[in-house]
1. How big is the charge dipole of region 1-60 about its Cα centre, in debye rounded to the nearest 20, if each Lys and Arg gets +1 on its Cβ and each Asp and Glu gets -1 on its Cβ?
2. What whole-number value in cubic angstrom gives the convex hull volume per residue for the C-alpha atoms of the chain?
Amino acid sequence: MIALIQTLKAIVKSAADDAGRDGNLLAAFCLYCLACIIGLIEQLALYFNKYAFTQVAIYGKDFCTAGKDTWRLAKSRGIDAIINAGLIGNVLGMGTFFSGILCGGIAALATYLYLNGQNLAAQQNGGFIAASAILGLILGVSIFAIMTEVIESGVASTFVCLAEDPYALRRTQPEFFQKVAEVYPPVLNTV
């Protein structure tokens with residue numbers, strides 16, 4: 001389904017580009033608006049798939065059943081899921097950004113110190129310093145982004161489990177359940 005949506009979006013964008021080149025600005029504008037709407041639908045489908053695949057992984061359901069259960073979950077706890085994903089995504093995104101900046105800075109500093117240690121003029125080798133900073137930034141962002149996927153998967157799994165059956169947590173971890181119930185009372189309203 002995601003591939004179909006992405007294909008449709010590409011076709012609409014191509015048609016919008018063609019309309020813009022032909023001078024039909026109104027058609028290009030309308031097609032770009034349609035591409036934007038299709039992009040939103042794509043994001044919703046990706047978001048929906050995340051929770052459906054989480055249910056497949058946790059409960060061993062087939063994808064169709066997991067999709068139906070995810071839809072039921074979205075209808076009953078949709079705003080909670082959106083807030084949950086938004087908060088976690090923003091925090092992890094900022095961490096990824098700062099990790100990239102830190103790694104890029106460290107790489108640039110290490111290159112600068114190495115060049116000075118070798119009695120090479122840093123001014124003449126500014127390209128090496130810039131290249132090492134960019135490489136450090138890319139590596140820092142990549143490594144941190146991989147690590148955040150584990151955290152995002154854990155958050156999605158925790159949300160699905162709490163939304164589906166919060167009392168399982170009470171049976172297995174009563175102290176933790178009590179803390180969750182104090183901080184987030186709606187968890188007791190099962191779907």
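Values in this text are rule-based calculations from the coordinates and carry no lab data. The shown structure was predicted, so the numbers you read here are calculated from the model rather than taken from an experiment. Methodologically, a virtual Cβ is constructed for each residue, glycine included, from the backbone with ideal geometry; neighbour enumeration extends over all protein chains shown.
1. That gives region 1-60 a dipole magnitude of about 180 debye.
2. Measuring per residue, one finds 195 Å³ for the Cα hull of the chain.
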